[in-house]
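S.K.: Got a structure for you, written out below as structure tokens; questions coming shortly.
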Amino acid sequence: MIPACLSDDWILCPEREDISAEFTRLLTAAQEGGATIAECLMIARQLKQGGEQSWHREWKRLAQANRQRAEAAFAEGHMATAQRNWLRAMNYYGAAAMPLDQADERRWVAVLAMQECARRFLTARGPAGEVVTIPWADDGHVLQGYFLPASPGSKRAPTVICIGEPGHRKEEFLFKLAPHARERGLSMLALDLLGDQRDDYTDTLLQRRDLESSIASVMDYLETRGDVDFDRVAIVADGWGSSFVARAVLQEPRLAAAVCDGGLWDLHERSFFASRFAMSDLSIVPVPSAPLMASSADCPVLITLGEDGWLKADRARQIVQKSRLGSSDIVLKVFTAQETGAAQAHADNPSLANEYIFDWLESQLGARGRRI
């Protein structure tokens, strides 16, 4: 059962961390247009008498209602309303899929509906976005992304690559990050590593030792576009599941700026294993490659974390102090509980963190904000 007993911290169900985290994500998405608080609270009340299956059913039903409103608004020429409802429908379909097993066909159906809403949003957006396919692996696996130009026409614009961890889908970036990029005159390429595969392909991705090579393929693609200022391309890694983007920054001199974990997680794991097994030589601890902060990046790097996240702020600062940070252009920003944004991946207030991140990117890329 999923008791919908909301606490002061908006925890839907203390006994189910995944459900509570997803509900918190939905509530914070309302700040960026990915949900409405009233609809989220309505679903919470309806779940009082329901079981786990009711979570999928109720969010799917709400997604369908928003999707229908979007189609009706689009038919009447109300593009702004259509876009807003497609974004909410997209996010609600993602919520409906979340608790289901990867092999459950209903999960894949919800993912396909989510992706269709994203495509419909791109067509109604001005300027219109596009779905892009980028070759990556020798086995034929391709990356899939949404390219959102900053302005109409073929004018070259600074561009931000937004990518999540293995298993994370890109659709969330359309409301979570795209407005921040657009307000600052930045084009955006939203990507995920899954491509057109089902969620169970995540297991295959996690077995790869060259996830960072995907970024080189993305840069190769962007270099071919006439509307991208290739001297001003940055990357934002959303999430802290691994450091593959940080490793890519070491190998990709064409990036102008990067927002990622800076290799902190890799360094933390090294230190843990060394302490656990009394190892004096950290180089023998198995990590994919040299962490970013133990090397030298060719571009400025911003690391953000919340003081209440998995890696505590004091530990992060300690790792930074012991690294070669002084010889690298790396900035560490810690969000405190007093200002919010302090949870893991800034889940309690992603808007605050993203404002800071995109202001930093705007400064690094020399982009100028414009009124929308």
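S.K.: Output the residues belonging to the stretch 87-128 that are part of a loop (DSSP other than H, G, I, E, B), of a type in the set (A, V, I, L, M) and in contact with an Asp or Glu (Cβ under 8 Å, 6 or more places away or on another chain).
M.R.: Taking the stretch 87-128 and keeping what is part of a loop (DSSP other than H, G, I, E, B), we get 98-104, 125-128.
Filter once more, so that each one left must be of a type in the set (A, V, I, L, M): 98, 100, 103, 128.
Those that are part of a loop (DSSP other than H, G, I, E, B), of a type in the set (A, V, I, L, M) and in contact with an Asp or Glu (Cβ under 8 Å, 6 or more places away or on another chain): Met98, Ala103.
S.K.: Can I ask one more? Scanning for something closer than 30 Å to Gly126 by Cβ and modelled with pLDDT of 95 or more, does the stretch 47-59 turn up at least one residue? Even if it seems obvious, please write down each step before you answer.
M.R.: Within the stretch 47-59, the subset closer than 30 Å to Gly126 by Cβ is 59.
Applying the additional criterion that residues be modelled with pLDDT of 95 or more yields 59.
Checked the stretch 47-59: at least one residue is closer than 30 Å to Gly126 by Cβ and modelled with pLDDT of 95 or more.
S.K.: Collect the residues in the stretch 154-202 that are among the aliphatic types (A, V, I, L, M) and not in a strand (DSSP E or B), keeping them in residue-number order. Show your work before the answer.
M.R.: Of the residues in the stretch 154-202, the ones among the aliphatic types (A, V, I, L, M) are 157, 160-161, 163, 174, 177-178, 181, 186, 188-191, 193-194.
Passing the criteria: Leu174, Leu177, Ala178, Ala181, Leu186, Leu193, Leu194.
S.K.: Looking for whichever is in a helix (DSSP H, G or I) and either at pLDDT below 90 or hydroxyl-bearing (Ser, Thr, Tyr) (or both) here; the options are Ala38, Ala44. Which one fits? So that I can check it myself, show each step before the final result.
M.R.: Working: Ala38 fails: either at pLDDT below 90 or hydroxyl-bearing (Ser, Thr, Tyr) (or both).
Among Ala38, Ala44, only Ala44 is in a helix (DSSP H, G or I) and either at pLDDT below 90 or hydroxyl-bearing (Ser, Thr, Tyr) (or both).
S.K.: A follow-up question, please. Within the stretch 203-255, track down each residue that is part of a loop (DSSP other than H, G, I, E, B), under 24 Å from Trp310 (Cβ atoms) and small (Gly, Ala, Ser). Let's see the steps before the verdict.
M.R.: Going residue by residue through the stretch 203-255, those that are part of a loop (DSSP other than H, G, I, E, B) are 207-212, 224-227, 239-243, 252-255.
Retained after the next criterion (residues that are under 24 Å from Trp310 (Cβ atoms)): 207-209, 211-212, 239-243.
Gly239, Gly241, Ser242, Ser243 - these are the residues of the stretch 203-255 that are part of a loop (DSSP other than H, G, I, E, B), under 24 Å from Trp310 (Cβ atoms) and small (Gly, Ala, Ser).
S.K.: For Ser283, all conditions in the list (1) at pLDDT below 85; (2) buried (at least 21 other Cβ atoms within 10 Å of the Cβ) hold save one; what is the number of the exception?
M.R.: Answer for Ser283: the failing condition is (2).
S.K.: Related question: On the given criteria, is Ala234 under 18 Å from the mean Cα position of the chain (by Cα), open to solvent by less than 20 Å² (accessible area, probe 1.4 Å) and farther than 20 Å from Glu32 by Cα? Give the derivation first.
M.R.: Values: under 18 Å from the mean Cα position of the chain (by Cα): yes; open to solvent by less than 20 Å² (accessible area, probe 1.4 Å): yes; farther than 20 Å from Glu32 by Cα: yes.
Here the answer is yes, as Ala234 does meet what is asked.
S.K.: What single numbered condition from (1) in contact with a Phe, Trp or Tyr (Cβ under 7 Å, 6 or more places away or on another chain); (2) at pLDDT below 95; (3) part of a helix (DSSP H, G or I) fails to hold for Asp261?
M.R.: Checking Asp261 against (1) in contact with a Phe, Trp or Tyr (Cβ under 7 Å, 6 or more places away or on another chain); (2) at pLDDT below 95; (3) part of a helix (DSSP H, G or I), the one that fails is (3).
S.K.: Would you pick out the residues in the stretch 320-349 that are at pLDDT 75 or above, open to solvent by less than 70 Å² (accessible area, probe 1.4 Å) and over 21 Å from Ser363 (Cβ atoms)?
M.R.: Answer for the stretch 320-349, where residues must be at pLDDT 75 or above, open to solvent by less than 70 Å² (accessible area, probe 1.4 Å) and over 21 Å from Ser363 (Cβ atoms): Thr336, Ala337, Thr340, Ala342, Ala343, Gln344, Ala345, Ala347, Asp348, Asn349.
S.K.: Only one of (1) modelled with pLDDT of 90 or more; (2) within 19 Å of the chain's Cα centre (by Cα); (3) open to solvent by 10 Å² or more (accessible area, probe 1.4 Å); (4) of a type outside the set (A, V, I, L, M) fails for Ser214. Which number is that?
M.R.: Among (1) modelled with pLDDT of 90 or more; (2) within 19 Å of the chain's Cα centre (by Cα); (3) open to solvent by 10 Å² or more (accessible area, probe 1.4 Å); (4) of a type outside the set (A, V, I, L, M), Ser214 violates only (3).
S.K.: Kindly indicate whether Glu183 is open to solvent by 50 Å² or more (accessible area, probe 1.4 Å), in contact (Cβ under 8 Å) with a residue 12 or more places away in the chain and under 27 Å from Thr28 (Cβ atoms). Can you show your working first?
M.R.: On the way: open to solvent by 50 Å² or more (accessible area, probe 1.4 Å): yes; in contact (Cβ under 8 Å) with a residue 12 or more places away in the chain: yes; under 27 Å from Thr28 (Cβ atoms): yes.
When the stated conditions are applied, Glu183 passes them.
S.K.: Also, I was wondering about something else. Residues that are surrounded by 22 or more Cβ atoms within 10 Å (Cβ to Cβ) and closer than 25 Å to Ala345 by Cα: does the stretch 97-112 have at least one? Reasoning before the result, please.
M.R.: The first filter runs over the stretch 97-112 and keeps only residues surrounded by 22 or more Cβ atoms within 10 Å (Cβ to Cβ), leaving 97, 110.
Narrowing the set further to residues that are closer than 25 Å to Ala345 by Cα leaves 97, 110.
Yes, that holds for at least one residue.
The values are calculated or read from the model by the stated rules, or taken from the named source; none is laboratory data. These figures come from a predicted structure and were not determined experimentally. Note: ideal-geometry Cβ built from the backbone for every residue, glycine included; neighbour counts use all protein chains shown. Ligands, DNA and RNA are stripped out before the accessible areas are found, and what is left, the full protein with its side chains, is counted by its heavy atoms. Shrake-Rupley method; radii C 1.70, N 1.55, O 1.52, S 1.80 Å.
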